[in-house]
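Quick notes on the structure that follows.
Bear in mind that the values in this text are calculations on the coordinates, not laboratory data. Since we're looking at a predicted model, the values are computed, not measured. When we count neighbours, we look across all protein chains shown, and the Cβ atoms used for this are built from the backbone with ideal geometry, even at glycine.
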Amino acid sequence: MDVVQQILPYIGWAIAGVVAVSLGGILASVHNTRLKIKNGYPIEGMWGQSLKPGTDAESKERIKLLTQENASLRAELGAMKDRLAVVERIVTDKGFDVARQIDALRDAKLEDGRKTQ
């Protein structure tokens, strides 16, 4: 009986703690859903089924444009990597024949330009 008398004043705090944690979880879920809706992410049900927004023509067009932009950015990144590799090769050559390599690259670029015309 002595233990029950010691715990009894704290029962209200324990219940309040459980309620506070539960409300925090509910509010976090509501906030998460609100952010998904605001930013256009799909909303899923309890078992992963898609609820909102449905795929409409605007969404499909947006996905198509983003996919095209992604492809062009990947191509540009590949070109930049190639250019960086050339610069690294020139810089790490310790200065030997740097002028000759630059001229060779310039000549190759000019020949490529003539071929495409």
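Here are some notes:
- The chain: calculated mean residue ellipticity at 222 nm from DSSP helix runs of at least 4, using -39500 (n - 2.57): -26500 deg cm²/dmol
- Low-density loop positions, GluC sites (Glu not before Pro), the range 4-111 - DSSP coil, at most 16 other Cβ in 10 Å: none
- Computed over Cα pairs, the Kirkwood radius of the chain leads via Stokes-Einstein (0.890 mPa s, 25 °C) to a diffusion coefficient of 112 µm² per second.
- Ranked packing of 36-43, 2-9, most packed first, by mean Cβ within 10 Å: 36-43, 2-9
- Per-residue Cβ neighbour rank within 10 angstrom, fewest leading, S59, S22: S22, S59
- Total lysine pairs under 28 Å (Cα atoms) in the chain, excluding pairs fewer than 8 apart on one chain: 13
- Taking the charge dipole of the chain about its Cα centre, with +1 at Lys and Arg Cβ atoms and -1 at Asp and Glu Cβ atoms, the residue from V86, T67, V30 reaching farthest to the positive side is T67.
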